[in-house]
Amino acid sequence: MRALAGRAASLLRVVTAGPAPKPPCLPQHRLSDVICRPKNVPNFYSGRYSTLVAPSNEVVIPPELLSSQTVWTPERKIGQYEDLVARITNFHNEDKGYMVLDGDVFDVPIRKDIVHRVVRWQLAKRQQGTHSTKTISEVSGTGRKPYKQKGTGRARHGTLRGPQFRGGATMHGPKPRSHAIKLQKKVRRLGLKVALSARTAEGKLLVYEDLEVPSHKTKNIVNYISQMDGTKKVLLVDGGDIDKKLKLATQNLHYVNVLPSIGLNVYSILQHDTLVMTRDAVNRIVERMHTRINR
């Protein structure tokens with residue numbers, strides 16, 4: 001009887017407790033932050049790029065989100081391969097709509113070991129390897145024996161071009177060679193995905209409509225960069241060839257670098273704390289990541 005009474009009391013306690021309390025409100029983020037894709041919105045895949053299709057009676061982006069007000073964003077785990085919605089702006093911070101970032105490129109698990117391997121591969125491959133020293137056959141000098149073998153009381157020598165003499169050869173010195181190491185293409189591709197996902201998770205990935213500047217004056221870029229909060233070094237990535245005015249405006253700034261999308265790499269992303277990509281650059285990177293690897 002006591003056991004039955006205890007069980008009934010526990011059930012009564014569960015019934016009267018009511019629903020579980022809601023978790024506390026999440027911290028606020030600016031609208032420029034990347035937000036998670038709604039779960040009830042279907043996907044549409046076109047040209048190997050994941051986009052969103054709005055239902056007939058709903059819209060993907062509510063109208064109230066198009067202003068610069070502070071909004072609530074759901075908490076999400078990094079590396080879940082979820083498609084992300086990013087706000088598109090320009091240098092003047094004007095709203096240019098929204099864009100979907102493919103989850104298998106911009107939301108992959110963070111792998112420090114993969115990034116380390118790719119950076120080592122990049123630095124080793126770019127090393128010139130033009131160092132060279134002269135061996136005993138390459139040093140200028142006579143090949144005559146300096147003095148007779150015995151009877152002088154001195155050490156035995158057969159040449160004056162040996163490494164123990166001044167101006168002689170260098171033994172086991174460096175010769176021109178390639179320092180490049182092998183790394184699988186899929187590992188290189190994964191390293192770029194991890195670097196892009198890390199910048200996205202930090203909120204340091206900005207998507208612009210274009211990188212047009214009014215003139216080649218450096219002061220324009222200085223003003224634009226000063227408006228970015230917490231930015232020390234910026235990497236601008238465009239889809240195609242770099243505009244001549246943008247190249248001239250940034251060439252005297254050591255904290256601003258410009259790259260085409262074909263030249264985007266892991267080491268350059270790690271050297272800059274903020275990554276600015278155009279819509280065209282994002283599309284080209286996603287297409288490159290989805291291209292089949294030729295073995």
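The values are calculated or read from the model by the stated rules, or taken from the named source; none is laboratory data. Every value quoted in this text rests on a predicted model; they were computed, and no experiment measured them. Here Cβ is always computed from backbone atoms with ideal geometry, including for glycine, and neighbour counts include all displayed protein chains. Quick note on the areas: whole protein, heavy atoms, side chains included, nothing else; ligands and nucleic acids left out. Shrake-Rupley method; radii C 1.70, N 1.55, O 1.52, S 1.80 Å.
Overview of results
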{"read-out": "Residue tally, condition in contact with a Gly (Cβ under 7 Å, 6 or more places away or on another chain) and either β-branched (V, I, T) or in a strand (DSSP E or B) (or both), over segment 244-264", "value": "1"}
{"read-out": "Search result, residues across segment 218-243 that are assigned to a loop (DSSP other than H, G, I, E, B) and either of a type in the set (F, W, Y) or in contact with a Lys or Arg (Cβ under 6 Å, 6 or more places away or on another chain) (or both)", "value": "G239"}
{"read-out": "Among residues of segment 247-277, those that are more than 20 Å from R117 (Cα to Cα), of a type in the set (A, V, I, L, M, F, W, C) and either touching a strand residue (DSSP E or B) at 6+ places or on another chain (Cβ under 8 Å) or open to solvent by less than 60 Å² (accessible area, probe 1.4 Å) (or both), counted", "value": "8"}
{"read-out": "Of all residues making up segment 184-200, the number that are open to solvent by less than 20 Å² (accessible area, probe 1.4 Å) and not small (G, A, S)", "value": "5"}
{"read-out": "Top-ranked residue in segment 88-147 [being polar (S, T, N, Q) and under 21 Å from L205 (Cβ atoms); ranked as surrounded by the fewest Cβ atoms within 10 Å (Cβ to Cβ)]", "value": "N93"}
{"read-out": "The lone exception for S215 - which of (1) part of a loop (DSSP other than H, G, I, E, B); (2) of a type in the set (S, T, Y); (3) crowded, with 21+ Cβ neighbours inside 10 Å it fails", "value": "(3)"}
